[in-house]
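Derivation of every value follows stated rules applied to the coordinates shown; laboratory data play no part. Just so you know, these numbers come straight off a predicted model, no measurement behind them. With ideal geometry, Cβ positions are generated from the backbone for all residues, glycine too; neighbour counts draw on all protein chains shown.
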Amino acid sequence: MDKIVQNIIFVHTIVCGSIVRINLILNAMDIKEKFGNKVKNLREEKGFSIEYLANISNVDRNYISDIEKGKRNISIVIAEKIINALDTDLTTFFSDKNFKK
């Protein structure tokens, strides 16, 4: 877990003592990581480089790299561009067991 996030959670726990808030922070971080991991796995399965995926999705390669690392909170428009470029659809992409509770 990112050191900054750990510090935010620690400070928030001391100030508010709220476990619910901590879980919301962690869940928000988890979905970005899950999405990024899925993009990376599909990209690698197809033999695409990040640069090639960037070209066919019309999304900057540095942005895709950050998405794969779970560092970006992306819009649904960007998600759709990337998912379509990976030759899948939103329903199939998110039906993965990793996106279910």
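General observations
- The packing ranking of peptides 61-73, 40-52, highest mean first, is 61-73, 40-52, where packing means the average number of other beta carbon atoms within 10 angstrom of each residue.
- The modelled label-to-label distance for the pair Leu90/Asp30, using points 7 Å beyond Cα in the direction of Cβ, is 2.3 nm.
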